[in-house]
Amino acid sequence: MSEIITVAGAIAAYLGKDGVQKILGPTADYLGEELKAFTQRRVENIGKIFANAEKKLGPRLDSPGQVPPKVLKSVINEGSYSEDPVTLEYFGGVLASSRTEIGRDDRGARLIKILDNLSTYQLRTHYLIYSTILHLFSKSGRQFALTENRAKMEVFFPIEGYATSMEFTQAEWDNPQILDHIWHGLSSDNLIEDRWHYGNQEFLQTIVKGVPSDGIICQPSALGAELFLWAFGYGDKPLDYVLSGDLKAEIDDLPSHVPGAAGTNP
């Protein structure tokens with residue numbers, strides 16, 4: 001940028017009147033420094049994250065609260081380089097979830113580190129997994145608290161439905177490493193349980209009888225559910241809120257679930 005700009009001033013352009021102060025509370029004072037190194041694109045990304053957080057907070061903006069400085073630092077440093085719509089959505093949700101009356105509650109900083117370590121492929125898949133679980137098991141009475149309960153939410157994704165939802169190009173689909181990268185990565189980061197498989201129908205039927213096609217089988221994890229809640233501004237809710245029927249988890253221009261997906265333990 002040719003001129004010096006304050007981060008606070010840049011963000012304010014994306015929010016309503018007093019939006020920065022309402023979201024951050026006293027932590028807004030940390031935005032006073034002038035950062036010459038910020039390009040216009042980084043400023044726009046931060047503005048989109050804050051606008052997303054403002055939307056998720058809604059009426060809660062009028063109640064007392066603040067975002068811990070450690071969380072703000074992580075949003076500014078990591079989020080400013082994010083352009084993918086799902087990533088911006090998640091950053092905005094974690095920022096919204098981090099606004100509480102408890103000044104030391106900086107759990108969001110850890111979740112932002114998780115976000116920053118995920119590729120766009122992994123994060124989009126994370127969204128599709130948990131939005132599909134929400135779609136399949138909402139108000140089912142199933143719970144995230146124990147491993148055996150999460151096993152009851154094991155899901156099968158037909159490969160065509162998953163590929164369509166991911167919007168893979170032919171070049172991406174032809175790359176033999178992308179699926180390994182996505183699923184090994186989510187498992188190693190504990191965002192799904194380590195019992196997952198993908199392959200052709202014959203192989204998958206040795207694991208789950210009646211699998212109708214080639215595809216993927218996976219189970220949700222507690223950390224994966226936690227990240228999903230925070231991504232949509234519900235960091236103050238228990239994990240089972242994912243299935244309460246009250247969670248709103250739509251992202252513009254993305255499918256709300258993988259078509260053809262089904263639970264393996266009806």
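The values are calculated or read from the model by the stated rules, or taken from the named source; none is laboratory data. Predicted model, so just to flag it, every value in this text is computed and none were measured. Ideal geometry is used to build each Cβ from the backbone, glycine not excepted, and the neighbour counts take in all protein chains shown. What goes into the accessible areas is simple: the full protein's heavy atoms, side chains included, and nothing from ligands, DNA or RNA. Shrake-Rupley method; radii C 1.70, N 1.55, O 1.52, S 1.80 Å.
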### Task
Tell me, please, whether a residue that is of a type outside the set (Gly, Ala, Ser), open to solvent by 30 Å² or more (accessible area, probe 1.4 Å) and in contact with a Leu (Cβ under 8 Å, 6 or more places away or on another chain) can be found in segment 156-168.
no
### Task
Within segment 82-120, track down each residue that is under 24 Å from Gln40 (Cα atoms) and among the β-branched types (Val, Ile, Thr).
Val86, Thr87, Val94, Ile112, Thr120
### Query
Which residue, of Arg104, Arg142, is open to solvent by 70 Å² or more (accessible area, probe 1.4 Å) and among the basic types (Lys, Arg)?
Arg104
### Message
List the residue pairs whose Cβ atoms are under 7 Å apart, where the first residue sits in segment 161-184 and is within 21 Å of Pro259 (Cα to Cα), the second is open to solvent by 70 Å² or more (accessible area, probe 1.4 Å) and among the hydrophobic types (A, V, I, L, M, F, W, C), and the two are 6 or more positions apart or on different chains.
### Response
Ala163/Trp173
#### Entry: Selection status of Gly224, closer than 15 Å to Leu134 by Cβ and either loosely packed, with under 14 Cβ neighbours inside 10 Å or in contact with a Gly (Cβ under 6 Å, 6 or more places away or on another chain) (or both)
no
### Task
Output the residues belonging to segment 192-250 that are small (Gly, Ala, Ser) and without any contact (Cβ under 8 Å) to a residue 40 or more places away in the chain.
Gly199, Gly210
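From the list Lys139, Lys152, pick out the single residue that is more than 22 Å from Ser119 (Cα to Cα) and touching a helix residue (DSSP H, G or I) at 6+ places or on another chain (Cβ under 7 Å).
Lys139 is the lone residue from the list that is more than 22 Å from Ser119 (Cα to Cα) and touching a helix residue (DSSP H, G or I) at 6+ places or on another chain (Cβ under 7 Å).
Filter segment 61-104 down to the residues that are among the aromatic types (Phe, Trp, Tyr) and more than 14 Å from the chain's Cα centre (by Cα) and list them by number.
The initial filter retains those residues of segment 61-104 that are among the aromatic types (Phe, Trp, Tyr), namely 81, 90-91.
Scanning segment 61-104 gives a single hit, Tyr81.
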### Query
Restricting the search to segment 178-201, which residues are touching a Pro at 6+ places or on another chain (Cβ under 8 Å) and surrounded by fewer than 17 Cβ atoms within 10 Å (Cβ to Cβ)?
Gln201
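Per-residue answers, yes or no, for (1) at pLDDT below 95; (2) open to solvent by less than 40 Å² (accessible area, probe 1.4 Å); (3) part of a loop (DSSP other than H, G, I, E, B); (4) charged (D, E, K, R):
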residue	(1), (2), (3), (4)
Ile207	yes, no, yes, no
Gly210	yes, no, yes, no
Ile216	no, yes, no, no
Gly235	yes, yes, yes, no
Glu250	yes, no, yes, yes
Leu254	yes, yes, yes, no
Val258	no, yes, yes, no
### Filter result for the condition that a residue is out of contact with any helix residue (DSSP H, G or I) (no Cβ under 9 Å at 6 or more places or on another chain) and either outside any helix (DSSP H, G or I) or modelled with pLDDT of 65 or more (or both), over Gly25, Gly47, Gly16
Gly25
### Task
Collect the residues in segment 46-71 that are touching a residue at least 40 places away in the same chain (Cβ under 8 Å), open to solvent by less than 10 Å² (accessible area, probe 1.4 Å) and not β-branched (Val, Ile, Thr), keeping them in residue-number order.
Phe50, Ala53, Leu57, Pro68
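Can Glu83 be described as within 24 Å of Leu254 (Cβ to Cβ), open to solvent by 30 Å² or more (accessible area, probe 1.4 Å), part of a helix (DSSP H, G or I) and in contact (Cβ under 8 Å) with a residue 12 or more places away in the chain?
Numbers: within 24 Å of Leu254 (Cβ to Cβ): yes; open to solvent by 30 Å² or more (accessible area, probe 1.4 Å): yes; part of a helix (DSSP H, G or I): no; in contact (Cβ under 8 Å) with a residue 12 or more places away in the chain: yes.
No.
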### Query
Ser97 passes all but one of (1) more than 29 Å from Leu179 (Cα to Cα); (2) surrounded by fewer than 20 Cβ atoms within 10 Å (Cβ to Cβ); (3) among the small types (Gly, Ala, Ser); which number fails?
(2)
